[in-house]
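Student: Here you go, one structure.
The values are calculated or read from the model by the stated rules, or taken from the named source; none is laboratory data. Please read all numbers here as calculations on a predicted model, not as lab measurements. Neighbour counts run over all protein chains shown; Cβ positions are idealised from the backbone, glycine included.
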Amino acid sequence: MVTQVAHAVGAALAGEISTLAERVRAGVVRISNGRGSGSGTIWDQDGLIVTNYHVVPGEGARVTLADGRQLAGRAVANLPERDLAVIRVEATGLPALPVGDSGALRVGELVLAVGHPLGVPGAVTLGIFSGVGPIEGHGGRHFQEALLADIELRPGNSGGPLVNARGEVIGINAMVLGPRTALAVPSATVVRLLGGHARRVLGVRLAPVQLPAASIARYGLRQETALMLIDVTAGSPAERAGLLPGDIILALDGHAIEEPGDLAWALAEAQEAAVIMAQLLRGGQRQAVAIAPETPAASAAA
């Protein structure tokens, strides 16, 4: 009797997972960029598709829908430091996937990844949500916020959705960290990117630096690293605000700036007309400076 019940429960669960997978597969596309391919997640029915920046590092790509249609996609937004890119195709009525709250995930929840690994269309893997980053990457922390899952991914899964048991997108698969260990960009990060406007720039070149122990102690800083200005572009927002080479940016609008991704994220969050407050170290002295960032079209610097 117990065995029969176990078989019945197993069959029911398998059926539910299969139905869920089929529904999610319809909202996953294949993206070809001329050098390789990856996956993409249909974010809204009017042609907005979210993927990884490393899948679409240029102006556009070829998109193949689950029904076989091929469409030209053009990049409309990106955040390289969080490995996110957004492209648009000229189509309506697409099978967009519902978006869930990545912040509500609980360790141990079942998650599903769908993509096109190694050329296999619409492949599905099942795993368990393990926790939240940060994750160390090349040159420092690559992701300040990252979802970790005990799940099998392969090249070609990048840009596809990580969904919860309700079929809601709670992450965009981005990186394989090891056997059955994968990283996804939280859906909350995507929502914040799409809710913003064009990416802002200051007109500077920066490099990560270790903060002096004396400055950390003197100002009660909770960070050990920050970004030093190496160069300030003439006529840029940074120059107009009075920033100088050698200045160390500690924070923007109260958010600590410890590595390049922190700065890019703070700028992505800034509204178009916003003035942001930068906390600096200049000659060992802490200063506050107001800066009005610009869009890339108005400034040649990154």
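Student: State all residues of segment 68-91 that are in contact (Cβ under 8 Å) with a residue 40 or more places away in the chain and not in a strand (DSSP E or B); if no residue qualifies, say none.
Tutor: Once the filter is applied, which keeps residues that are in contact (Cβ under 8 Å) with a residue 40 or more places away in the chain and not in a strand (DSSP E or B), segment 68-91 yields Pro80, Glu81, Arg82, Asp83, Glu90, Ala91.
Student: Select, from Ala288, Ala214, Ala251, the only residue that is modelled with pLDDT of 90 or more and either surrounded by 18 or more Cβ atoms within 10 Å (Cβ to Cβ) or in the same structural domain as Asn78 (by TED's automatic domain parsing) (or both). Before the answer, list the steps.
Tutor: On the way: Ala288 fails: either surrounded by 18 or more Cβ atoms within 10 Å (Cβ to Cβ) or in the same structural domain as Asn78 (by TED's automatic domain parsing) (or both); Ala214 fails: either surrounded by 18 or more Cβ atoms within 10 Å (Cβ to Cβ) or in the same structural domain as Asn78 (by TED's automatic domain parsing) (or both).
Sole residue among the options that is modelled with pLDDT of 90 or more and either surrounded by 18 or more Cβ atoms within 10 Å (Cβ to Cβ) or in the same structural domain as Asn78 (by TED's automatic domain parsing) (or both): Ala251.
Student: From Val63, Val107, which residue is outside the structural domain of Val28 (by TED's automatic domain parsing) and either in contact (Cβ under 8 Å) with a residue 12 or more places away in the chain or more than 18 Å from the chain's Cα centre (by Cα) (or both)? Lay out the reasoning, then the answer.
Tutor: Numbers: Val63 fails: outside the structural domain of Val28 (by TED's automatic domain parsing).
None of the others qualify; the one that does is Val107.
Student: Go through segment 189-223 and report how many residues are within 24 Å of the chain's Cα centre (by Cα) and assigned to a loop (DSSP other than H, G, I, E, B).
Tutor: Residues flagged as within 24 Å of the chain's Cα centre (by Cα) and assigned to a loop (DSSP other than H, G, I, E, B) within segment 189-223 amount to 8.
Student: Would you pick out the residues in segment 109-131 that are at pLDDT below 95 and assigned to a loop (DSSP other than H, G, I, E, B)?
Tutor: Result: His116, Val120, Pro121, Gly122.
Student: Quick check on my filter: what residues within segment 78-128 are on the phi > 0 side of the Ramachandran plot and aliphatic (A, V, I, L, M)?
Tutor: Residue satisfying the conditions is Leu118 alone.
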